[in-house]
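These notes are about the structure you will find just below.
Every number in this text was worked out from the coordinates using simple rules, so none of it is lab data. These numbers come from a predicted model, not from an experiment. FYI the Cβ positions are ideal-geometry reconstructions off the backbone, even for glycines, and counts take in every protein chain you see.
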Protein chains: 2
Amino acid sequence: MGGDHGPSIVVPGVAQAAQALPGVRFLLHGDSARIEAELARCPAARAVSEVRHCDKAIAMDEKPAQAMRRGKGSSMWNAIESVRADEAQACVSAGNTGALMAISKLILRMGAELERPAIVANWPNMKGVATVLDVGANVESDADQLVEFAIMGAAFHHAMHGVERPTVGLLNVGSEDQKGHEEVREAHAILREAKLDFDYHGFVEGSDLAYGVVDVVVTDGFTGNVALKTAEGMARFFSNEIRTTLTSGPLAMLGAMIASGALKRMRQRLDPSRVNGAPLLGLNGIVVKSHGGADANGFASAVRVAINLARSDFRAEIDRNLKSLTAAAAKDEASKAGQDQGAVE
Amino acid sequence: MGGDHGPSIVVPGVAQAAQALPGVRFLLHGDSARIEAELARCPAARAVSEVRHCDKAIAMDEKPAQAMRRGKGSSMWNAIESVRADEAQACVSAGNTGALMAISKLILRMGAELERPAIVANWPNMKGVATVLDVGANVESDADQLVEFAIMGAAFHHAMHGVERPTVGLLNVGSEDQKGHEEVREAHAILREAKLDFDYHGFVEGSDLAYGVVDVVVTDGFTGNVALKTAEGMARFFSNEIRTTLTSGPLAMLGAMIASGALKRMRQRLDPSRVNGAPLLGLNGIVVKSHGGADANGFASAVRVAINLARSDFRAEIDRNLKSLTAAAAKDEASKAGQDQGAVE
């Protein structure tokens with residue numbers, strides 16, 4: 001029921017995703033009359049869907065605390081609850097992000113030691129698409145949380161793009177070891193020493209987001225959110241400039257008309273809906289946020305993210321890496337204690 | 001002597017700036033043989049310049065600490081020293097940024113209570129050019145420092161663009177009062193109450209940098225540096241995409257050729273050298289950093305920034321606002337103490 005368009009984009013999105021990745025079935029939570037009306041127009045979706053009626057829906061502007069108190073029995077609540085009850089392997093929602101995070105955390109609980117789930121951005125760059133996290137949930141992140149982001153981001157990138165050992169970079173203001181604040185320097189030291197299922201590249205800078213220097217970029221939610229929105233704003237600025245430029249006079253318009261095929265292909269390559277679908281990481285269960293303004297293509301892309309995650313072993317990979325980190329830290333403590341004892345003797 | 005090109009861009013840059021803003025004289029510090037060779041080719045610069053020879057120059061890759069220890073007598077040192085000695089009203093350098101900050105701080109000392117000078121970015125956006133600070137010097141900034149950035153940024157924007165009461169926004173992850181970490185929320189509370197020579201707009205988000213919602217955007221040096229480099233990277237990404245698109249086939253190339261005039265005007269509008277010249281704010285004196293890779297146009301733009309600042313009363317404006325803030329805080333304390341006393345009686 002969520003997002004700017006509700007069932008009118010969710011149902012055709014489900015149809016698209018079902019055709020691309022067969023063998024998946026869908027529980028559609030919400031107002032059955034509206035959903036059935038869409039399904040009647042979309043036999044490909046009807047064939048794979050079951051409708052679960054509820055009267056309530058969470059408004060896009062509802063505060064998270066309010067949504068938690070009053071959300072029980074809403075379409076969002078029921079969708080997440082179906083994941084907890086093992087009826088569904090993943091939940092996809094285009095609804096209110098704050099409410100989705102709060103209710104997911106309440107129902108599914110955190111697996112990692114994060115305060116709130118981390119949000120991933122799929123970031124188009126010169127070499128393809130990078131995984132960037134956190135982009136908004138945790139405004140302050142200590143070194144251990146940054147390391148958790150690295151582990152979760154690498155597992156997500158592996159599941160989504162099939163890269164065996166993703167490269168991971170830590171966002172900073174320079175590449176030397178002594179740059180940045182304490183949290184990033186400490187996380188850098190931990191990641192450099194740890195033996196995990198990915199390759200730690202070291203520090204990266206803001207410009208490396210566009211250059212595609214690493215597969216996974218790790219940062220706190222404050223910096224990540226500002227960087228993401230800065231990039232989105234700049235993208236809109238540049239496309240406005242191109243549009244203004246190419247309609248600025250008869251010659252420019254003629255040129256633009258002739259080059260229109262190539263310009264259209266460029267817009268598609270940079271189209272954010274091609275990479276729509278941001279998982280909330282750190283939960284005991286898969287929840288994927290679709291952009292509220294996404295169209296059916298975009299919603300289908302978010303559904304594909306959820307299916308890829310559900311079919312992968314990314315949660316086992318996260319657990320394995322977290323355990324190997326804890327074991328290494330314990331061993332380190334033990335050897336330190338041994339040395340201290342040696343010094344006393 | 002600094003930057004990628006040294007005197008070969010500095011001297012023609014001086015000539016350009018002198019023609020645009022007559023009545024200014026220049027002290028050129030560095031290797032007199034190289035400078036004189038350039039001046040011989042550039043009579044407009046020779047007419048307004050005096051050469052101050054020195055043998056030493058600070059390398060672009062020298063560490064700030066090393067530059068401070070060994071920099072005495074270098075061209076950068078002497079240029080800053082001429083500001084301290086009141087021989088010059090401002091210093092412009094295309095050299096090593098870290099060294100320029102460290103030596104400026106050592107020689108001129110901080111006027112504001114900052115750890116290091118704040119660096120300003122002149123940020124092109126949909127409405128013109130905004131002033132964004134800090135973009136790199138102070139990786140952690142408390143609420144008082146953010147308020148100082150607001151005061152200095154507004155005074156700079158006034159001096160540079162003639163805007164009587166600039167609008168100032170604080171960069172955050174959302175616009176509601178409770179968003180963000182403690183430092184931004186506290187700075188927000190101070191700026192909302194203070195009566196200063198600018199209009200405090202409230203929180204702005206990363207996307208507002210491109211939209212041009214406010215004249216001055218205030219943030220800590222970590223977030224500001226990441227945002228600036230993210231935007232620079234995205235700008236390069238988009239221009240690469242446009243180039244690739246418009247050379248992707250014979251039709252696209254024909255279109256691009258026809259539209260080339262308009263495309264060239266667009267590139268000029270987005271050209272960072274048009275707005276080159278980043279002042280180091282918070283010092284007892286004017287020091288402007290020109291981008292190391294800037295050409296003569298770019299260097300001239302940095303010189304114009306320095307001249308505009310030197311001719312304005314921006315330092316008096318900063319002092320006035322800092323004092324009015326301190327006075328308000330003292331009054332607040334006194335009235336609180338009075339209330340406490342009242343409660344005791």
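Could you tell me whether the stretch A:28-142 comes out rounded, prolate or oblate from its Cα gyration tensor? Rule is a ≥ b ≥ c as square roots of the eigenvalues, rounded for a/c under 1.5, then prolate if a/b exceeds b/c, otherwise oblate.
Oblate.
Can you give the angle from 0 to 90° between the axis of helix A:296-311 and the longest principal axis of chain A, with both taken from C-alpha atoms, to the nearest 10?
The answer is roughly 40 degrees.
Averaged across A:118-125, how many Cβ atoms of other chains sit within 10 Å of each residue's Cβ atom?
1
Along Cα→Cβ at 7 Å, what distances in nm separate the B:ALA328 label point from those on the other copies, shortest first?
Relative to the other copies, B:ALA328 has label-point distances of 5.0 nm.
Mind pulling the angle between the C-alpha long axis of helix A:314-344 and the longest principal axis of chain A? Nearest 10 degrees, somewhere in 0 to 90.
It works out to around 20 degrees.
Going down the list A:LYS195/A:LYS323; B:LYS195/B:LYS323; A:LYS72/A:LYS105; A:LYS179/B:LYS105; A:LYS229/B:LYS127, which pairs span over 21 Å between their C-alpha atoms?
The answer is none of them.
Give the shape of the protein assembly as shown as rounded, prolate or oblate, defined through the alpha-carbon gyration tensor: a ≥ b ≥ c are the square roots of its eigenvalues, a/c under 1.5 means rounded, and otherwise the shape is prolate if a/b is larger than b/c and oblate if not.
prolate
Return the average number of partner chain Cβ atoms within 10 angstrom of each residue Cβ along peptide B:206-213.
Mean shielding by partner chains, rounded to a whole number: 6.
Can you give the FRET efficiency to the nearest 0.05 for B:ALA85 and B:ASP4, using r as the Cβ-Cβ distance and R₀ = 22 Å?
0.15
Out of the DSSP beta bridges found with both residues in chain B, what percent are antiparallel (nearest 5)?
35
Measuring nothing but label to label, 7 Å from Cα along Cα→Cβ, what are B:GLU115's distances to the other copies in nm, shortest first?
Spacings between copies for this position, smallest first, are 2.1 nm.
I'd like the Kirkwood hydrodynamic radius of chain B, using the inverse of the mean 1/r over distinct C-alpha pairs, in Å.
It works out to 21.7 Å.
Based on the mean of other beta carbon atoms within 10 Å per residue, what is the order of B:206-216, A:182-192, A:217-227, most packed first?
So the order, starting with the most tightly packed, is A:217-227, B:206-216, A:182-192.
Could you work out the percent of alpha carbon pairs in the stretch A:123-274 separated by over 18 Å, rounded to a whole number?
Tail of P(r) above 18 Å: 61 percent of Cα pairs.
Can you give the helix-only mean residue ellipticity at 222 nm for chain A, where every DSSP H stretch with n ≥ 4 adds -39500 (n - 2.57) and the sum goes over all residues, rounded to the nearest 500 deg cm²/dmol?
The helix contribution divided over chain A gives -16500 deg cm²/dmol.
Neighbour counts of other C-beta atoms within 10 Å: give me B:LEU228, A:LEU322 arranged from fewest to most.
Least to most surrounded, the residues fall as A:LEU322, B:LEU228.
So, counting K/R as plus one and D/E as minus one, what does the shell of residues with Cβ under 10 Å around B:ASP220 add up to?
Summing Lys/Arg as +1 and Asp/Glu as -1 gives -4.
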